[in-house]
Structures are given as structure tokens and as C-alpha cells.
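Asks: Handing you this structure, nothing more for now.
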Amino acid sequence: MEFLQPASWPEALAMKAAHPEALPIAGGTDVMVEINFDRQRPATIIDLTRVADLNAWGMERGFLRIGAGVTYTRIIDELGERLPGLAMASRTVGSPQIRNRGTVGGNLGSASPAGDAHPPLLASNALVELASTSGSRRVPVREFYIGPKRNAMRKDELIAAFLVEPGKGPQQFSKVGTRNAMVIAVCSFAIALDSERRQVGTGIGSAAPTPVTAGEAETFMKAVLDEGRLWERPAPVASSALARFGELVAAAARPIDDVRGTAAYRTHALAVLARRSFTWAWDEYRRTAPA
Amino acid sequence: MRVSCTVNGRRVTADDVWEGESLLYVLRERLGLPGSKNACEQGECGSCSVYLDGTLVCACLVLAGQAEDRDLVTVEGIGSAESLHPVQAAFVEAGAVQCGFCTPGLIVATHDLLRRVPQPTTVQIREALAGNICRCTGYAKIIDAVHLAAGRMGAS
Amino acid sequence: MKAKPRLPPPSVVSGRVGDAVPRPDAALKTRGEFPYSSDLQVEGMLWGATVRSPHPYARIVSIDAEEARSIPGVKAILTHEDVPGRNVYGLEIEDQPVLAVDVVRYWGEAVALVAADHPERARRAAHAVRVEYEVLAPLTDPEVALTDDSPKLHPDGNITRRIKIRHGDQNPRADVVVTGEYEVGMQDQAPLGPESGLAIPDGEGGVDLYIATQWLHIDRSQLAECLGLPPGKVRLTMAGIGGAFGAREDLSMQAHACMLALRTGRPVKIVYGRAESFVGHVHRHPARLRYEHGATRDGELVYVKARIMLDGGAYASSSTAVIANACCFAVGPYECPNATIDGWVVYTNNPPCGAMRGFGSVQNCYAHEAQMDKLAAALGMDPVELRIRNALETGSSLITGQVVDGPVPVAELLRRVRAMPLPPAVTSDHLDLTQLPGGVSNTTHGEAVRRGVGYAVGFKNVGYSEGFDDYSTARVRLAVVGGRPRVEVHTAAAEVGQGLVTVQAQIAGTELGVHDVIVVNADTQVGSAGSSSASRQTYITGGAVKAACEAVRERVLALAESELSELSRDGGGGSDGWRLENDAIVSADGAAVITLATLLGEEVIEETSEFRPRRTTRLDPETGQAHAHMQYAFAAHRAVVDVDTELGLVKVVELATAQDVGKAINPQAVEGQLEGGAAQGLGLAVMEEIQVKDGVIRNPSFTDYLLPTTLDMPPVRMDILELGDPNAPYGLKGVGEPPTISSGPAIVAAIRAASARSLSRVPVRPHDIVDS
């Protein structure tokens, strides 16, 4: 096994171009499990932890551009107010030890449908910035997941950053697991209210071959809020509409039975999570919206 | 490959390291520091908790080469034979040690918690230690030990 | 010159029976300086790896190790042909090969061994061993295993043992009858320390094995047979152990490491990873239990009929004893004049099952406590009142016909847990997710959360059963060291984390009145101590230490009498009432007669004693009647849970327990057993299950075999009774298992109360609670 340790971003990109099959490692919370359990034996591994650029974040034309190496702990501590949904998801990740190393970049790279970062990124319409020696491009996260544990990256690319707007309204994230800490999601749901654009964003995890959005649910609820002029005059949403929203979210999932749960349960649970988390987000909007 | 780093204040070097070894393996099998434990080797149990540049991590999830030139503190670097750290003394007194396999990881994780939150509530203790699995104690005396240590460290 | 690895140092303890003495190795453990079996290292050590079957049932057609042998660094590859002695072992039935010969019977069974100079090379070599299998359809349903036309997995058929208990009237009538079918999933002991050990050949055909295990001598006798060596040439020493809970009663890597060491002439260490550990040891038997309870209208139990099926998996391990336990304790700690209990444990191609804390009494407790709640509901009675009404008492007969003697505080334990104040409800003014089901995963802010309270009581035997020769051996040595008397205690008893080293020292300190006591590391240089299981060690090894101390004391007093014969003639007190206290002999009125240092000088007094409890008898094969056990231990639990009834997520808010421990030799260690045992009970109730499909374990990792974390395990409120068993040393009762028996059933009862679901299976999963 060859171990490569680039000291800069250009060096990292050059190494990936020269070794397209190389496995990048940052926090190691996925990659090291694969190696320790003898599931993967990459010929080459590229350690990205010395590339300072990956650990930085800043504002760029209204978007937060967050380096792929920023850990969950830092997202909670430094970005919690601006990205409340992602911070909530980060708080549910593993343990302090895992949060200190795990990254959104790593979540995106392994593209496991159970990754906790995916639903909030989907709900907020984030972008994934990919780079190679031939340049960089930004892929909407909604187009990034193309199959189970497969993403839209080319072999010569690395994930540089993800871009997301600071929250323009209340956000929520919920994850169902069979114990109260350190769980891989049985299913998860994120919601982001955009009071500027008057849109409802959703993201579903662990309930389909890839993380997905609930497009019909989003359209439905947007219409409910528009028709009732509820953005301007916030009032509770009718329970029938909430129930319908939940049904539509559940219908967007394509879950399976596995060791963590049954398909039927996942469908049921998603409807519950959707109703509840929308209610919490909408209640927060009602409390905090300017009169 | 060769890996050089600082561990518990001393500069050390390990030679002939296979590139796929974890930091945990290097500590235990090459650097003579078997205090960090190998209960799951996938980051689920916290028994290999160490400090990497002052941050609490699972050593089983750090690739050996990633530790190059880094500053590590393991359980062996906390307290000494002559003088236990208050966290260690509290674990002994409170009966928080049975088989003790989880203890090194808990000592480091508790040490980390108390330097960040000197007087944690029980809830904060449970959240901070949620990544450290114990199979023997049911955690009750571990929580007692953390409160005991916090009380003593706060008083001094 | 033989290399010796670092071993747990002798334990130095000062304390007496009843003191909450901190354990002597705790400081070392907190500093990471305590050596465990997976830390063992010596110069020139090789690493062993095991080639395992990827099929639950298959014939081995061929094994080709040529490619593996050519990998640089590989020093040996061994198959069944290389087993030096008998290629078979087993705790009760010798049915398991050291390395599979012509057939593999479970997923993960050991087929070949590799030794190499680096664990990665050993792994690569293990992968390179080509085993050709003829895959067979696995037998995975225990009910099918019972039938005549199922494939015979072993020469004598698939029924490992069948138990019948026939007590009283076999056709009883009752006013009220309730039935139920229950299922208990497969739990794993999951001790944090992986299977590991180091075998060092002595260059003269023998071997030294440093091993974390539960019974050194049974390991040795099996090993000697497998290695074809006299027992004296197989020396075992206890290495530091990372828990056990039943997982280390059977051989795992012991014979493998010894074989590789003897073949290569070099020390060989084997350490299992966690995934391998899941196939490297036995699990708790999954069970199906069908019960019928009949009672009078006033709530008096008239009869219990039960059918208990345990899936024993591929090899017997201790299955014959587990099914006996499950049947003997099938009814629970209640007076039951008439009982018809039928139990089977059978062979399948599922993972082998054996000892786990509770040993058969856990599975049936789920069933009998669910039945009692059903009966209470049918009678319109309070569930605790119904239990108290039928509780066993001193002098009651069990369904085996044995009359229970000593304190039997079943009713009292129930009253005490019921009387404990309930925890406060979760207040809704400030949202604290950690107090709610789902915790920081943010699944509820209080919606659909209901609280439930449940009770359960259970019991089981302490010590071995059915006439098994239950004994332990202790060597106690009194000498003067550095001007002070010092006692050295040596047993083969396995310290597994429970605090046995501390207790042994406290007993010696009490019996000999000596301040400095050292418990040296356990090994096979002294007689057998039996296993650290069945909650028996404090009783039996404690009893042996006490007996050896008494023998030493007798000689000390005799020595003093003869040396001080003039004194005793003149002094007028006589040697009557002389006792050992405070490093001296004191007279009846407490006056010092002579210090031990003065009395002994250079003399060393050493005694080795065996201790046996009261004898037991084997279950009659037709009626199950016997004096099967020598002591019973009882515990009751109350559980308070909050359930999110829409998502089926559970938060256990509080566990409360009352247990009679007879005499708490070390009160702090006793509490540790009650708290830790309850956590394992909670685990089985709500989250722990080895999921097996077609004989394959689907979740062999801590990612999906979930153990309770700090956020899952609540505080345990304890009421510890010391009622004094007149037949036991110091009146003590075994402590370790009862906390794991009734804790889970109490939690399930509470979940039923909160969710109004009948829940007949554990672990309870979210979809069990929400399914309509």
C-alpha cells in the first residue's frame, strides 16, 4: 500500500490525477473501518489532513463555502447558528471522538444513503465543489448521488468544499435509531424553510438507494403556505395538510428491509418525522417571524 | 514506512510500519504503549481514545502516516505511578473500574471533558461519554467518578 | 531462557469482609499499565490467524495451502491433520473439532491456522488458503431439528438434551387460564476484551499458555487431550481479562495458538478482531417458550405448563445445563403445586450457544413474568399483589420437589421495589432532548410519549447443579516479610472484572487478622477453582480461601500454645478464645498475646484446602425431580420507561432493584454487579440481538450489535438486603446473575404498560410497538 501525504491542494490534485484509483482519507471514520476490517486494500491512499485549504470556511457571494475537511465538531461550534439543520445532524453523529474527525466531505465521498449530512444538504439545496487538475465544478447536491454509495465524481476529482446558503428560515433534522446515541439512521429527515423564496426543502436519509428529496411533498406544502398566505400571516397549518405532507414524504422513499429496520417501519416513521419536524420548524417561524 | 511523532512529551519513531496500520496498532505494537485498547477497531467503543494535537479521537481511525509530526497524548501520559491524576484517582475510589478494558478510553475522554467543561452536569457527562462503551459497570459509578473528579479539580 | 510476558501483578489488599475496599488493580488500569491478554508481547513472537468457513453447513472437499505457504513471512499453515492429539473437545459433550475435518457446521467455524511475522501477512495468508466446499442446505429451524427426517448434524442425532418435569397433578383444573407464546432473541456477551492469548513452547515438547479465560483447569484438560500432552506439560497462566460473562468458558483460540507455537517453535499470539469475536465464542440460546398458567379465582397459582425450545446451534457447549436451568426455573419464584415442563435444546447449523450470565433463567423469566401480568389482568388483580400472593417462602417446594431453605425473601423484594418513590415526570417547560425517547436525534419533543411502569422477579441457582462436583482450591501462606506478617493467597480462580481478587484478600484478612494480604496471579500450579460462572466464586473459592485460612490459623494457634505454654499456665486466661487480629494473637478480652512477627520468625505456614458446598443430585429423566441446586439467589426489578408510541422508541427512565446478597463481602463491588447486570438485562430487552439469517450472522460488529451507552442506561436505584444464608460462608449469596434476569422482563412489562401492546418477543424493536 502506498501512502501519499500532499502538503497543498494543488499537490493533492496532482496526486489524484496520477493515481485515479487512490482512496482519499481525511477523518478516517469510514475509510479506516474498511481497512481495519479488511474490506478494502487500496493500492494507494492519499491523506488530505495536511491540506490547510480543506479546513477553512468563509462566505462567497451569499453562500457559505465550507472546506471538505471541516469536522462535525466545528460545524456545531462555528456554524451552528447559520446552518441549524446541519448542526442538528452533526450533533447526532457518533460520539465526540467521531465528531472531532468526521467530515461532511467524507460523507459526500462515501455517499452512503445513511450519511447524516445528506438530508440537511438536500433540504438546503447545497452544492458540492469538485476539483481536479483540469479545473473545478459545482454540482447541486440533488444531482450528486447517483446510486447506492455512488456519486457523480470523476476518478481524477477530489471534493474541495460544499456550498450552502446560511439558513433563511427554521430548519430541523430528525434521525430514528434503536438506541439513544451512536446510531446509524434507520431513517432520517431534514427540513429547511426558506422564508425569502417561500420554499420548503426536504431531505430523506436511509430510506432509499440514495439520499433523496420529497419533491411532491415540497410542492404540496409550498402551495398550502402560499394559498393560505401563511408566510405573511403565520397561523398553524391544518392537521390534514400536515398528514398529507407526511404521506407524501413517506411516498418519496423507497426503503428496504435490513438489519436495522423494515421497509414498512421506515415508511411509517418518515411520515411521523415529517409531520413533527415541519410542525417544529413552522412553530419556530410563527414565533420569530416579524409581525 | 517510518513514522515519527511526539507521544506523551517524548519524540518517538516507528520503523517498518505497514502503510495500512492504524495509529492504535503503532502505539500498541511498535511504541510499547498498549494502554489504548482494541475492543472494536471501528470507532464504536472509544476504548482507543487518545489526544491528537489536543483533540480527542479514536486512534483506531487514524492512519499511521496521519500521525507523522503530530503531538499525541495517550492514557499512559495522564498521571504517573507516583501520582494519579485526579480523574484516575476518582475512578479508583468510586468503584468505576471492573475489568478495566474500557477504563483507559474513559480516562482520556473524561480528562478531555473536564478541561472543556470543568463542572459538567450529569447530562453533559453522559453526552460526552456516549462514545465510550462499558460492558461491566452500567456506567453508574463512572458518572459518580466524573462528578468526584470535577469536584476535586474545581476545588483546587 | 524462556521469555515471559507481562502479567497482572499480585494484588495487594488490606481489608476485611464487609469493607468497600477499592480493587487493587484499579490504579494500574486507570493508567493503562494493567496488562491484558491482547497486550501480551514477547521477543520473536509470531501472529496467528484463523481460516474460517463462509458457510453454515458444508462438506470440506479439499484444502490447498500452497499459495498461502509461499507468502513471505508465513511460518506455518495447519489443518486438522496437524492436531497432535484428539481432534475433539467440549465442556459437557465432546462434539467439537479443534479444526474441522470433513464438515463445517456453522458460519465461521475454524478450518485452518496460519502463523506469520505480522498480522497483515497472517491475514493475507489466511485469505490465500483455498478451501473447496460442497455447500449443504443448513438446518436452521430448531423445530425441524426435532423431527426424524431432519439431517443428523451429529452422530447421536439432533437432540442435545430433553428435560421433563412432572410435579403434582398432571391434569389439573383451574378457574382462570392464560396462555402465551414468547420468543427471546440471541444475545451476545460482548466482553470488550477480544479473545486473545499467547502460547510459548518450552523447547521440551511442552507449552505455556497465557490466556484470559474463565476456568484454567478445564481449558488445560481439554488442551492436553488435543495436544496429546500430559497435563503437566501444558501450563496455563491467567492473563489480564477484558470481561467474560460466559464468553470464555469454552475454548476459542487456546488450542490453535498452542498448535502453532509447538509447530513453529516460536511464541504465537492470536487476537480476534471484533467481527471474528462474534463467531469466536458461544452466544445466549435463543428461545421459544409456550406457557399455560392456571389459577383460582382468588389468584392462587394452580398449575403451569410450559414448552421450552432452545436453539443450541452447531455444538453443545454447556447446552445440557442451560436447558436444565430453563426448565427448573420455568415457573419463576412462585409456589406452584402442579407443573408440566418440557424442554429441548437441539443442534442446528446456527451459531453455537452456551453460557451467558443468567444461563437459561433469563429466557424463562421473560415468559413467566409476562404470564403473571396476563394472569393479573385476567383476574383483575394488581400484578405485584398477585406475585406476592404466590411468592416462594422458606420451606416451599420447587417444581423439582426440592425444598428451599435459608432466607427466601421474594415477597419482601417485591414490596421494596414497589415502595420506592417513582421518578418525576419529564417537565415540558424546557425542552431537554436527552430526557426524551430518541434523545438528541430529535425525534420527539414530547409528542405521543407515554410513561409505563413494570415489575418482575426472578431467581436462579448459585453454583453448579445436578451432582456436578463443585469445588475450589486455595493455597494460603503466612510468613513474615520485612518484619511484618503477610498472607499470600493463591488460587486458580479467574478474576474476570467482578472483583474476586479483592474478595479473596478480604477473606484472608478477616480470617487471619493480617493487614498485608497478597493475591498472586491465577495459574494451574494450584488445584482447580472451578469456573468464574454460575455466580459461584465468592461462595466456593471464598470458601476455599476461608478453609485454608482456618487450617493456617489452627497451626498458628497450636504453635503459639506450644511456644507459650508457660504463659498460658501462669497467665490464668488459657488459650481458649485466642484469635488472630491486627497482625497478632489476641486473647478473648482483646489483650495482645504475641505478635505474629515475633511468633513466626522465619517460619512459614502454608496450607492448601479444597472447599465443597452441599451436594446436589441429577434430575430424574422422567420427572425432573431432584435436589438439583445448593443455593438460590433472588432479585426483583421495577422499570420506568417513556415510550414514543408513534415511533416505537423507548427511553428507560429508571431501574430499581431489590436483591438479597446474604452478606456483602465488598459492598461497592456488589453494587457494581447489580448495576452492570441490569445494563445487560436492558440490552436484551431493547437493543441487543445477533441477527441470524440462514445460519449467517448479519450484524457482527458494534455498529449493528448495539450495546447500551451512557445515554441508554439510566440510574439504578438499589435496595441490597443481607439476610444471611446459614449454609454459606459468611452467610453470603452469589450476586452476579440475578441482576440480569428480572431487569429485562421488568422493562418489557413497562413498555407494555406504556404502549398497550402485548409484546411477546425480545429485544423489543420499534416496529413491534407501532405495528397495527
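The values are calculated or read from the model by the stated rules, or taken from the named source; none is laboratory data. Just so we're clear, the structure is a prediction, and the values are computed from it rather than from any experiment. All Cβ positions, even for glycine, are placed from backbone atoms using ideal geometry, and neighbour counts span all protein chains on display. Heads up: the accessible areas ignore ligands, DNA and RNA and are worked out on the full protein's heavy atoms, side chains in. Shrake-Rupley method; radii C 1.70, N 1.55, O 1.52, S 1.80 Å.
Asks: Per-residue mean of other chain beta-carbon atoms within 10 angstrom of the beta-carbon, peptide C:713-721? Before the final figure, lay out each step's value.
Replies: On the way: counts 8, 4, 5, 3, 0, 1, 0, 0, 0.
Taking all residues of C:713-721 together, the mean is 2.
Asks: Does segment C:610-671 come out rounded, prolate or oblate, given a ≥ b ≥ c as the square roots of the eigenvalues of its C-alpha gyration tensor, rounded meaning a/c under 1.5 and, failing that, prolate meaning a/b above b/c? Don't skip to the end; give the middle numbers.
Replies: Working: a/c = 4.52, a/b = 1.69, b/c = 2.67.
Because a/c hits 1.5 or more and a/b fails to exceed b/c, segment C:610-671 counts as oblate.
Asks: Please give every one of the lysines within straight-line cross-link reach of A:Lys16, meaning a C-alpha to C-alpha distance under 28 Å, and leave out same-chain neighbours fewer than 8 residues apart.
Replies: By straight Cα distance, A:Lys16 reaches A:Lys149, A:Lys155.
Asks: Another question about this same structure. Taking the Cα centroid of segment C:188-228 and of segment C:679-709, what is the distance between the two, rounded to the nearest whole Å?
Replies: Using only Cα atoms, the two centres lie 27 Å from each other.
Asks: Per residue of B:7-20, what is the mean number of Cβ atoms on other protein chains within 10 angstrom of that residue's Cβ? Mind showing how you got there, number by number?
Replies: Working: counts 0, 0, 0, 0, 0, 0, 0, 0, 0, 1, 1, 6, 9, 11.
Mean number of neighbouring Cβ atoms from other chains: 2.
Asks: Excluding ligands and nucleic acids, what accessible area in Å² is computed for C:Glu204 using a 1.4 Å probe, to the nearest 10?
Replies: C:Glu204 has an accessible surface of roughly 130 Å² with all protein chains in place.
Asks: Relative contact order for chain C using alpha-carbon pairs under 8 Å, separation at least 6, rounded to a whole percent? Walk me through the intermediate numbers first.
Replies: Working: 2056 pairs, mean separation 126.2, N = 772.
It comes to 16 percent, rounded to a whole number.
Asks: Still on this structure, please answer the following. Give me the dipole magnitude in Debye, nearest 20, for segment C:37-127 about the Cα centre, with unit charges on the beta carbon: positive for Lys and Arg, negative for Asp and Glu. Walk me through the numbers before you get to the answer.
Replies: Details: 9 positive and 14 negative charges, 47 e Å.
Result for segment C:37-127 is approximately 220 debye, rounded to the nearest 20.
Asks: Would you mind getting me the FRET efficiency between A:Glu227 and B:Gln124? Use the beta-carbon distance for r and R0 = 51 Å, nearest 0.05. Could you put the intermediate results ahead of the total?
Replies: Working: r = 45 Å, r/R0 = 0.88.
Using R0 = 51 Å, I get an efficiency of 0.70.
Asks: Could you sort C:His445, C:His217 by their accessible area in this structure, using a 1.4 Å probe and putting the largest first? Could the numbers behind the result be given before it?
Replies: Details: C:His445 60, C:His217 30 Å².
If we order C:His445, C:His217 from most to least accessible, we get C:His445, C:His217.
Asks: Sticking with this structure for a sec: Charges only on Cβ, +1 for Lys and Arg, -1 for Asp and Glu: so what's the dipole of segment C:157-219 about the Cα centre, in debye to the nearest 20? Walk me through the intermediate numbers first.
Replies: On the way: 5 positive and 10 negative charges, 129 e Å.
For this selection, approximately 620 debye.
Asks: Can you classify segment A:95-216 as rounded, prolate or oblate using the Cα gyration tensor, where a ≥ b ≥ c are the square roots of its eigenvalues, rounded means a/c under 1.5, and otherwise it's prolate if a/b beats b/c and oblate if not?
Replies: Details: a/c = 1.61, a/b = 1.16, b/c = 1.39.
Oblate, because a/c is 1.5 or more while a/b does not exceed b/c.
Asks: Restricting to Cα pairs below 8 Å that are 6+ residues apart, what does the relative contact order work out to for segment B:86-155? Please round to a whole percent.
Replies: Numbers: 72 pairs, mean separation 37.9, N = 70.
After rounding, I find 54 percent.
Asks: Straight-line reach from C:Lys4: which aspartates and glutamates have Cα under 18 Å away, leaving out those fewer than 8 places along the same chain?
Replies: Straight-distance partners of C:Lys4: B:Glu29, C:Glu33, C:Asp39, C:Glu43, C:Asp202, C:Glu204, C:Asp208, C:Asp523.
Asks: I would also like to ask the following. Of the options A:Ala243, C:Val51, A:Met153, report the single residue whose Cα projects farthest towards the positive end of the charge dipole of the protein assembly as shown (beta-carbon charges: Lys, Arg +1; Asp, Glu -1).
Replies: A:Ala243
Asks: Right, here's the next one. Taking each full run of DSSP H in chain C as one helix, which ones are at least 20 Å long along their axis (Cα atoms) and have mean Kyte-Doolittle hydropathy of at least 0.0? Write out the running numbers ahead of the final one.
Replies: On the way: long enough: C:361-379 (26 Å, -0.08); C:537-563 (37 Å, 0.12); C:667-686 (29 Å, 0.30).
Span-like helices, by this rule, are C:537-563, C:667-686.
Asks: While we're looking at this one, here's another question. On the first, second and third principal axes, largest extent first, how far apart are the outermost C-alpha atoms of segment B:86-155 in Å?
Replies: 30, 22, 17
Asks: Among C:Lys305/C:Lys374; C:Lys152/C:Lys305; B:Lys37/C:Lys233; B:Lys141/C:Lys651; A:Lys168/A:Lys222, which pairs are too far apart, with a Cα-Cα distance over 22 Å?
Replies: Numbers: C:Lys305/C:Lys374 15 Å; C:Lys152/C:Lys305 29 Å; B:Lys37/C:Lys233 32 Å; B:Lys141/C:Lys651 20 Å; A:Lys168/A:Lys222 15 Å.
With Cα atoms farther than 22 Å apart: C:Lys152/C:Lys305; B:Lys37/C:Lys233.
Asks: Any idea which of B:Trp18, B:Gly46, B:Gly65 is furthest toward the positive side of the dipole for segment B:3-77, if Lys and Arg beta-carbons carry +1 and Asp and Glu beta-carbons -1?
Replies: Projecting each Cα onto the dipole axis, the largest value belongs to B:Gly46.
Asks: Where a ≥ b ≥ c are the square roots of the eigenvalues of the C-alpha gyration tensor, would you call chain C rounded, which needs a/c under 1.5, or, failing that, prolate if a/b is larger than b/c, or oblate? Walk me through the numbers on the way to the answer.
Replies: On the way: a/c = 1.64, a/b = 1.08, b/c = 1.51.
Because a/c hits 1.5 or more and a/b fails to exceed b/c, chain C counts as oblate.
Asks: Work from the charge dipole of the protein assembly as shown (Cβ charges, +1 for Lys and Arg, -1 for Asp and Glu, about the Cα centre) and give the residue of C:Leu674, C:Gly197, A:Gly80 farthest towards its positive end.
Replies: Checking the options against the dipole of the protein assembly as shown, the answer is A:Gly80.
Asks: Let me ask something additional. Kindly state, to the nearest 0.05, the FRET efficiency for C:Ala591 paired with C:Thr147, given R0 = 60 Å and r defined as their beta-carbon distance.
Replies: Details: r = 77 Å, r/R0 = 1.28.
Using R0 = 60 Å, I get an efficiency of 0.20.
Asks: While we're here: Round to a whole angstrom and tell me the spacing of the C-alpha centers of segment A:57-121 and segment C:100-137.
Replies: Between the Cα centres of segment A:57-121 and segment C:100-137 lies a distance of 42 Å.
Asks: Per residue, how much accessible surface does chain A expose to a 1.4 Å probe? Answer in Å², no decimals. Walk me through the numbers before you get to the answer.
Replies: Details: 10930 Å² over 291 residues.
Dividing the accessible area of chain A by its residue count gives 38 Å².
Asks: Evaluate the distance, in nm, between pseudo-label points positioned 7 Å from the Cα of B:Arg115 and of C:Glu94 along their respective Cα→Cβ axes.
Replies: A separation of 5.8 nm, rounded to one decimal place.
Asks: Sticking with this one: Can you give the accessible area of C:Tyr303, probe radius 1.4 Å, in Å² rounded to 10?
Replies: Accessible area of C:Tyr303: about 10 Å².
Asks: Any chance you could give the angle, 0 to 90 degrees and rounded to 10, that helix A:9-18 forms with the longest Cα principal axis of chain A?
Replies: 70
Asks: Turning to a different aspect of this structure: Mind checking which aspartates and glutamates have their C-alpha under 12 Å from C:Lys75, skipping anything on the same chain fewer than 8 residues away?
Replies: List returned: C:Asp117.
Asks: Right, next: Just by accessible area at a 1.4 angstrom probe, what is the order of C:Glu488, A:Glu2, C:Glu563 from largest to smallest? Write out the running numbers ahead of the final one.
Replies: On the way: C:Glu488 50, A:Glu2 80, C:Glu563 115 Å².
Heavy-atom accessible area, descending, gives C:Glu563, A:Glu2, C:Glu488.
Asks: With all protein chains present, calculate the accessible area of B:Ser4 using a 1.4 Å probe and round the result to the nearest 10 Å².
Replies: Estimated to the nearest 10 Å², B:Ser4 gives 10 Å².
Asks: How crowded by other chains is A:44-56, given as the mean number of beta carbons from other chains within 10 Å of each beta carbon? Provide the component values of the computation, followed by the final result.
Replies: Working: counts 1, 5, 0, 4, 1, 8, 3, 0, 0, 0, 0, 0, 0.
Average per residue, whole number: 2.
Asks: Return a whole-number percent for the relative contact order of chain A, with Cα pairs under 8 Å and 6 or more residues apart as the contact set. Walk me through the numbers on the way to the answer.
Replies: On the way: 628 pairs, mean separation 45.4, N = 291.
Relative contact order here is 16 percent.
Asks: Then there's this: Any idea what the alpha-carbon Rg over 2.2 N^0.38 Å comes to for the protein assembly as shown? Please report the intermediate quantities before stating the final value.
Replies: Numbers: Rg = 31.1 Å, N = 1219, 2.2 N^0.38 = 32.7 Å.
Compactness ratio reported: 0.95.
Asks: Using the Cα atoms of chain A, I'd like the radius of gyration and the largest Cα-Cα distance, Dmax, both in angstrom.
Replies: Taking only Cα atoms of chain A, I get Rg and Dmax of 19.2, 62 Å.
Asks: Further question on the same structure: When each pair of different Cα atoms in segment A:171-288 is counted once in the 1/r mean, what is the Kirkwood radius in angstroms, to one decimal?
Replies: On the way: mean 1/r = 0.0695 Å⁻¹.
Every distinct Cα pair counted, the radius reaches 14.4 Å.
Asks: Sticking with this one: Between helix A:239-251 and chain A, what is the angle of the helix's C-alpha long axis to the longest principal axis, kept within 0 to 90° and rounded to the nearest 10?
Replies: Between helix and principal axis, roughly 30 degrees.
Asks: Pop out the carbon and sulfur fraction of the accessible area of segment C:732-772 as a percent, whole number, probe 1.4 Å. Present the calculation step by step, with values, prior to reporting the outcome.
Replies: Numbers: 470 of 1070 Å².
The computed percentage sits at 44.
Asks: Calculate the FRET efficiency for A:Ala43 and A:Ser136 from the Cβ-Cβ distance with a Förster distance of 22 Å, rounded to the nearest 0.05. Write down the numbers at each step before the final one.
Replies: Numbers: r = 26 Å, r/R0 = 1.18.
My answer for the efficiency is 0.25.
Asks: Same structure again: Expressed as a whole number of Å, what is the distance separating the alpha-carbon centroids of segment C:580-647 and segment C:335-379?
Replies: 29
Asks: A further question on this structure: Calculate the dipole size of the protein assembly as shown relative to its Cα centre from +1 charges on Lys and Arg beta carbons and -1 charges on Asp and Glu beta carbons; express the result in debye to the nearest 20. Don't jump to the answer; show the numbers that get you there.
Replies: Working: 119 positive and 144 negative charges, 503 e Å.
About 2420 debye.
Asks: So, one more: Considering only protein heavy atoms and a 1.4 Å probe, what is the carbon-and-sulfur percentage of the accessible area of segment B:3-77?
Replies: On the way: 750 of 2000 Å².
Taking all protein chains in place, segment B:3-77 shows 38 percent carbon and sulfur surface.
Asks: Would you mind telling me which residue in B:Arg70, B:Arg28, B:Arg115 has the biggest mean-square fluctuation in a Gaussian network model of chain B, where springs connect alpha carbons within a distance under 10 angstrom?
Replies: Result: B:Arg115 has the largest fluctuation of those listed.
Asks: Also: List the residues of segment C:211-229 whose backbone N lies under 20 Å from a point placed 7 Å from the Cα of C:Arg612 along the Cα-to-Cβ direction.
Replies: It comes to C:217-218, nothing else.
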